[in-house]
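The structure appears right after this line, and notes come after that.
Please treat every number below as a calculation from the coordinates, not as lab data. What you see is a predicted model; the values in this text were computed from it and never measured. We place every Cβ from the backbone using ideal geometry, glycine too, and count neighbours over all the protein chains shown.
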Amino acid sequence: MTAVMPTYARADLAFERGEGPYLYSTDGRRFLDFCGGIAVDVLGHAHPHLVECLRDQAGKLWHVSNLYRIPGQEKLAERLAETSFADLVFFCNSGAEAVEGGLKLCRKYHSANGNPERWRMIACSDSFHGRTLATIAAANNEKHTDGFGPQTEGFDTVPFGNLNVLRTAITGETAGILVEPIQGEGGIHPADMDYLRGLRQVADEFGLLLFFDEVQCGIGRTGKLWAHEWAGITPDVMAIAKGLGGGFPVGAFLATSEAAKGMTAGTHGSTFGGNPLAMAVGNAVLDVLLEDGFLAHVEQTGRYLTDKLADLVSRHGAVFTEARGVGLMQGVVCGPDFGAISNKLTDEGLLTVGAAGNVIRLLPPLTIEESHVDEAVAIMDRVAAGWDGAA
Ligand SMILES: *Cc1c(COP(=O)(O)O)cnc(C)c1O
């Protein structure tokens, strides 16, 4: 590992294979994976349909570039459009790229309308949109911007959840509003439904584009394909990635044809984005997610997990002080340092992932059953009981 740039604080743990929601480490241990590759492994590990589609495509064609039509891309775009508010889809390779592309679309929209002065975006405190220069400026988190020079211009930060402050931040230069319907890295903060509806109203009132970052909360994680569906409103633009490729790097931004009116030939591009291999996997993920009853099962398992976590908090309030989230995107606020708790959970065979605010995130594969929830919560219970005893 010595030649790998040390930008990550990695656990001293490596895996050699996975099966469903389980991972097997190189030293022979089994783990229940409620980290899910940070909300990526939506179908768990080595899902037979994904493996088959990837293998099949790998023997035919990997990459041709976007100089040519790519049937798998047209198919996946059409399916995403059919199952969302959007008319048009651009494929890239990561979440940050998807957000960045969506930001470009917002600026281009107003420019195409003859209002090039409208190029600034309003974004929220405690948000996360990726690690490119523009996306770190959008999130405006000092931990990510420190030392990287003057911030990319064009972003105004307002408190998440507060419509009044947001209204006062709108100027003649504002192009749009960028929001995560459920903040992930910020510590699992689901937006109020009224807030999301209010954002739609404000955007309409001022002619702004509403841009949702569903990189983490989309792709079925909440029991609906898109998290904003719970609020009964739609955005104009949406960034997705993480779960879209089920572990293969795929990102995309989606928009209505009106919002995308400026995105004509030559305005944006990607060498790798939407290549045949990536599209075969993306289509395979949707094959499963769109099966009858799949999302209903996620919703049901999510409710079960929500109840079990509430119960856990009620019994171990000193160790786990609060649980919040939607569906299979849950956060548990820790009393003691979350890193220490998370290490102990790992020792006991449960993988989780941290978030801001001393939170442990649970982002399991969407394919888990109630028995896996029971197994995870039993481990959390045991660790909390040990902590109570030690304190
Ligand atoms: C993970 C994440 C991103 C960035 O995705 P990358 O693939 O790491 O670039 C952007 N927005 C949200 C909400 C995320 O959770």
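In table form, for the structure just shown:
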| quantity | calculated |
| --- | --- |
| Long-range neighbours under 8 Å by Cβ, at least six apart or interchain, first residue in contact (Cβ under 8 Å) with a residue 60 or more places away in the chain and closer than 15 Å to residue 283 by Cα within the range 75-89, second outside any helix (DSSP H, G or I) and among the charged types (D, E, K, R) | 81/87 |
| Single unsatisfied condition, residue 123 versus (1) within 16 Å of the ligand (Cβ to nearest atom); (2) assigned to a helix (DSSP H, G or I); (3) of a type in the set (Gly, Ala, Ser) | (2) |
| Condition met for residue 169 (of a type outside the set (Lys, Arg), touching a Ser or Thr at 6+ places or on another chain (Cβ under 9 Å) and more than 16 Å from the ligand (Cβ to nearest atom)) | yes |
| Every residue from the range 154-166 that is more than 14 Å from the ligand (Cβ to nearest atom) and outside any strand (DSSP E or B) | 154, 159, 161, 162, 163, 164, 165, 166 |
| Residues being under 16 Å from the mean Cα position of the chain (by Cα) and either assigned to a loop (DSSP other than H, G, I, E, B) or farther than 24 Å from residue 138 by Cα (or both) - total across the range 207-228 | 13 |
| Some residue of the range 173-188 being within 16 Å of the ligand (Cβ to nearest atom), over 22 Å from the mean Cα position of the chain (by Cα) and surrounded by fewer than 20 Cβ atoms within 10 Å (Cβ to Cβ) | no |
| Output for the range 33-92, where each listed residue is within 19 Å of residue 291 (Cβ to Cβ), within 16 Å of the ligand (Cβ to nearest atom) and hydrophobic (A, V, I, L, M, F, W, C) | 42 |
| Checklist (1) within 16 Å of the ligand (Cβ to nearest atom); (2) touching a Pro at 6+ places or on another chain (Cβ under 8 Å) applied to residue 231, failing item | (1) |
| Per-region count, the range 189-219, residues away from the ligand (no atom under 16 Å from the Cβ) and in contact with a Lys or Arg (Cβ under 8 Å, 6 or more places away or on another chain) | 1 |
| Number of the condition not met by residue 143 [criteria: (1) part of a helix (DSSP H, G or I); (2) without any contact (Cβ under 8 Å) to a residue 60 or more places away in the chain; (3) within 14 Å of the ligand (Cβ to nearest atom)] | (3) |
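Table: residues versus (1) more than 21 Å from the chain's Cα centre (by Cα); (2) loosely packed, with under 13 Cβ neighbours inside 10 Å.
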{"site": "5", "(1), (2)": "yes, yes"}
{"site": "24", "(1), (2)": "yes, no"}
{"site": "33", "(1), (2)": "no, no"}
{"site": "68", "(1), (2)": "yes, yes"}
{"site": "72", "(1), (2)": "yes, no"}
